[in-house]
């Protein structure tokens, strides 16, 4: 497996396109981005030329016109166990992370790519993933392990890491990150609103078809699996670790009707709830919020000093809906009118009905 991560620095807030799936033959593989792969793997050019000729695809991400990430995934059924010891289960379909290179630069781009791998697996109903890597790739191996990959064995002189996405209660580790993207849906469920101007910056994979990729930026809060939501809405203080949140994008300012422009786009899981008073000082507050929140340092400082928003929710961004669920449909599902749609507790029946309407793969929603 070709597996590489390189650290470099860029200015914060550069425009970035979304992750694109492209035919390999359409990608400029002579770009200097691929030089380190050529240096580490003598057969790289031959290998990638074969993939291009075979009409295979890969995921690629640009920062303006510069390539910053490349991901090649391969479905194996049965798995190619050549040189893998101990052998992996041949009775299940595996997703192999074949080639992965990220130019990492302090914006949690690695997490964005990890989420794409899981999204691809779940979309193809594959719940077993593996990757081989040299031990020198310690930063990315550490990141993979954070989200449930474990060391299975070796393939000659490379480590073999595997991830089994839980699809039943017995497979759960009861850990939000180790089980990710699977969700233990036995806790309480809520609808949580967010304004359009913040929504896509926080939940980049859940942008609407009407939005331009130009609004996406290569920033930690867009790339990170973890999100910090700061509010003053009543009721959110009852949230606890493991609760499920359906992210509700409120209507656009110029939209005539919320019924058709307000939509549920995503499913998140609460990691923790904190009150502003729990932070010892401004530095502590900014350090906690900054990597996962849309606000600038100045805005966070203003919030801390004026105490204008005192309720902080940290959550994991697990699922982006295939189909956005409009408010009109939500009203029909809930069966009654809410006086305030900012924060609404949902019944189990309403929660699962909204997921069904959003075409969410319920194999990883465990209850």
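The values are calculated or read from the model by the stated rules, or taken from the named source; none is laboratory data. Since the structure is predicted, the reported quantities are computational estimates derived from the model, not experimental observations. Backbone-built Cβ (ideal geometry, glycine too); neighbour counts: all protein chains shown.
Listing for the model above:
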{"item": "One residue from 110, 98 being under 14 Å from residue 147 (Cβ atoms), crowded, with 19+ Cβ neighbours inside 10 Å and touching a strand residue (DSSP E or B) at 6+ places or on another chain (Cβ under 8 Å)", "result": "110"}
{"item": "Any hit, the stretch 171-192, residues being outside the structural domain of residue 235 (by TED's automatic domain parsing), on the phi > 0 side of the Ramachandran plot and over 16 Å from the mean Cα position of the chain (by Cα)", "result": "yes"}
{"item": "Of the criteria (1) in contact with a helix residue (DSSP H, G or I) (Cβ under 6 Å, 6 or more places away or on another chain); (2) without any contact (Cβ under 8 Å) to a residue 60 or more places away in the chain, which one residue 293 fails", "result": "(2)"}
{"item": "So residue 62, is it at pLDDT below 90, in a strand (DSSP E or B), under 24 Å from the mean Cα position of the chain (by Cα) and over 25 Å from residue 292 (Cβ atoms)", "result": "no"}
{"item": "Residues (surrounded by fewer than 19 Cβ atoms within 10 Å (Cβ to Cβ) and at pLDDT 90 or above) located in the stretch 1-39", "result": "21, 22, 23, 25, 26, 28, 30, 31, 32, 35"}
